[in-house]
1. Remind me, relative contact order of the chain in percent, using alpha carbon pairs under 8 angstrom and six or more residues apart?
2. Taking the Cα centre of region 158-245 as the origin and placing charges on Cβ (Lys, Arg +1; Asp, Glu -1), which of Asn171, Ala214, Asn226 is farthest toward the positive end of the dipole?
3. So what is the relative contact order of region 216-261, in percent, for Cα pairs below 8 Å that sit 6 or more residues apart?
4. Among (i) 158; (ii) 128; (iii) 172, which one is volume of the Cα convex hull per residue in Å³ computed from these coordinates?
5. How big is the dipole moment of region 257-304 about its Cα centre under a simple scheme where the beta carbon of each Lys and Arg is +1, that of each Asp and Glu is -1, and everything else is neutral? Debye, nearest 20, please.
6. Expressed as a fraction of 2.2 N^0.38 Å, the rule-of-thumb size for a compact globular protein of N residues, what is the C-alpha radius of gyration of region 66-198?
7. Of Lys79/Lys114; Lys151/Lys256; Lys152/Lys254; Lys99/Lys151; Lys108/Lys233; Lys180/Lys267, which pairs sit farther than 18 Å apart, going by alpha carbon to alpha carbon?
8. Give, in whole angstrom and from largest to smallest, the semi-axes √(5λ) of the equivalent ellipsoid of region 202-254, with λ running over the eigenvalues of the Cα gyration tensor.
Amino acid sequence: MIDAIRQKLSVCSKEEDRLYLLESIDEECGFFALNGVLIFMVSSSFDKNVDMLKTEKLLLNTNVDVLNVANHSTFKAGKYDYILFSGASEETDFESFIKICTLYASEKEKLSIKDFFFSILDMFQLPKEQQFKNLIGLIGELTVIMEIYDKKGISVASGWHESFTDKYDINYKNTVMEVKTTTSDLYTVKVKHEQLFGRNGVVLAAVRVMESNAGETLEKIVAKINSIDIFAKDFSFQLKLGKELKRISPKEYKTKSVEVKGVRFYKNSDIPTIGDIPDNITGIEYNCTLIETKETKIDDLICE
């Protein structure tokens, strides 16, 4: 669909204020071209107030009267909401916009387009250089999600970064998990004491990686996880993934190859740590070497 939309948009007339259908999703929504740029349009069904909101790459317009579509004679006139994407068709964001809007189409009865617009803003803000430091950590988290799926056939994606207030990476049913990625042969990771030992039952997942031409780029890892329907069609997961990818350098996303050397799981009760810390001392952070620590199998951690 993405390549087809890109191709149709490139040859579509840029005649001012003329609407052209590029690809329909269902009878109520689809992708269109307006003044030479891509828009996602859906029949108005929620709040009847008129809203217009704009960011660097997105513009929301609601309750717009649409009378006709230039290349679709049977188009149903009426009130429509749309989100305009002002980025170039060659950008990764172009593909992300199409994917997330397509997934939203199946959620539109439960989520207004205005709420959807606000939920995707972080995905399409222009990136800043200081945000490009999280590639290795994201590879580790996606590796753990895939490791659990491969070994147990369970998707814990719904519990990944469940909310902005959740201080753990994965909170799935009765399993609370923090993921740490390291290049250390000894599985040495930096931990926040209060986070790892502040409650019972926390699991530490340690992912050992190394830069290697024999490895995979994050782009290939994302493609692999999105080749599985349970992840590709999970609207919430794709939304969170899109936001995480905005924190990654686009160049490193495509070029930095990383090889995963191992994934280990540890119960916090099995990890030796500092004892007798007074309650008035907080914010302790230290390196923890796990190579000789007792491991726990996935079968003993994740249960439906």
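1. Once divided by the residue count of the chain, the mean separation gives 15 percent.
2. Result: Asn171.
3. Value for region 216-261: 66 percent.
4. (i)
5. It works out to roughly 160 debye.
6. 1.44
7. Lys151/Lys256; Lys152/Lys254; Lys99/Lys151
8. 20, 16, 13
The values are calculated or read from the model by the stated rules, or taken from the named source; none is laboratory data. Predicted model only: the values in this text are computed from it and were never measured. Don't worry about glycine lacking a Cβ; one is built from the backbone with ideal geometry, like all the others, and counts go over all protein chains shown. Ligands, DNA and RNA are excluded from the accessible area calculation, which covers all protein heavy atoms including side chains. Shrake-Rupley method; radii C 1.70, N 1.55, O 1.52, S 1.80 Å.
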